[in-house]
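To keep things clear, I will list the structure first and then write my remarks on it.
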Amino acid sequence: MADIKDILVLLPMQDHHEALLQKTAPHARVRRLRRRELTDSDLNNADVIIGNLEPEQLAKVKNARLLQLNSAGVPPYYLETKTALPNAVLCCASGAYGEAIAEHALAMLLMLMKRLHAYRDDQKVGAWQDHGNVKTLSGMKVLVIGLGDIGGQFARLLHALGATVRGIRRRRSAPPEGVEAVYTQADLLEQLSWAEVVMLALPETDDTRSVLDAEAFARMPGAAAPGAPVVAAEKRADHAACVRRAARPAHARQHL
């Protein structure tokens, strides 16, 4: 790493992170900048850029040898760097967010199941009322669409809490830890009819953007039972977790 001279960091970074970079590339200048502060000279001279750039900024990068994204997904315009920067290595942050996003999705699921958002609203106005019976995760039927890092972590959490978990992935395979059985996209509608909770943990692409359409939501048991805790969580490159309730949508997003 002796030939690395200039490292741009566009993410919030603590001092010990900078020390690690400096130890790895002792002769490099490590600079912390915000995207809006970047100049053409900054982009042109950087050997390493840590953090996502806007398309117009990426077009001004001329000499970078490592582009480290902070997103788990890869924005499509970054794939064009194969031609513009043939010697650059492009890395995403896949695997960095599994535990955090799975726990976030679990928190949103419990909030909706236990109607905590309704009790929170009551508390704000000094009301004291009952919002009905609630279910428990023990014995609940959960379908995870996408068994990568986030989906796999979510499946293990739900299994540990007593849920029965099934998965959907591109190809049939042996079930990973915490998953009862694995199905393919061809089985999706049938499995949606079985599931009480749905976790959508797929990268956002043209093929996955409409995986859960109106027909899919209509197949979920909660579509016929207003207030039923049917949840979908979606992983995207820009916001990793989006939680919905089929009967009355409620959203929660965590940005990467």
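Can you tell me which of ASN52, ASN87 is outside any helix (DSSP H, G or I) and either within 20 Å of PRO203 (Cα to Cα) or among the hydrophobic types (A, V, I, L, M, F, W, C) (or both)? Of the residues listed, the single one that is outside any helix (DSSP H, G or I) and either within 20 Å of PRO203 (Cα to Cα) or among the hydrophobic types (A, V, I, L, M, F, W, C) (or both) is ASN52. Residue pairs whose Cβ atoms lie under 8 Å apart, separated by 6 or more positions or on different chains, with the first residue in the range 86-113 and in contact (Cβ under 8 Å) with a residue 24 or more places away in the chain and the second acidic (Asp, Glu), are SER94/ASP149; GLY95/ASP149; TYR97/ASP149; GLY98/ASP149.
Among the residues making up the range 117-158, those that are under 18 Å from GLU196 (Cβ atoms), assigned to a helix (DSSP H, G or I) and among the aliphatic types (A, V, I, L, M) are ALA155, LEU157, LEU158. Do the conditions hold for ALA93, that is, is it aliphatic (A, V, I, L, M) and in a loop (DSSP other than H, G, I, E, B)? Taking the combined requirement at face value, the residue satisfies it. One residue stands out among those in the range 38-73 that are more than 13 Å from ALA84 (Cβ to Cβ) and small (Gly, Ala, Ser): the one that is farthest from the chain's Cα centre (by Cα), which is SER41.
Here the condition is being touching a Pro at 6+ places or on another chain (Cβ under 8 Å) and either in contact (Cβ under 8 Å) with a residue 24 or more places away in the chain or at negative phi (or both); of ALA19, ALA25, ALA64, ALA72, it holds for ALA72 alone.
Candidates are the residues of the range 86-114 that are more than 16 Å from PHE154 (Cα to Cα) and touching a helix residue (DSSP H, G or I) at 6+ places or on another chain (Cβ under 9 Å); the one that is surrounded by the fewest Cβ atoms within 10 Å (Cβ to Cβ) is LEU90.
When the range 115-153 is filtered for residues that are buried (at least 19 other Cβ atoms within 10 Å of the Cβ) and of a type in the set (D, E, K, R), only ASP149 remains.
Only the coordinates and a few stated rules stand behind these numbers; no lab work does. Quick caveat, the model's predicted, so the values are computed rather than measured. Please note: Cβ atoms are built from the backbone with ideal geometry, for glycine as well, and neighbour counts cover all protein chains shown.
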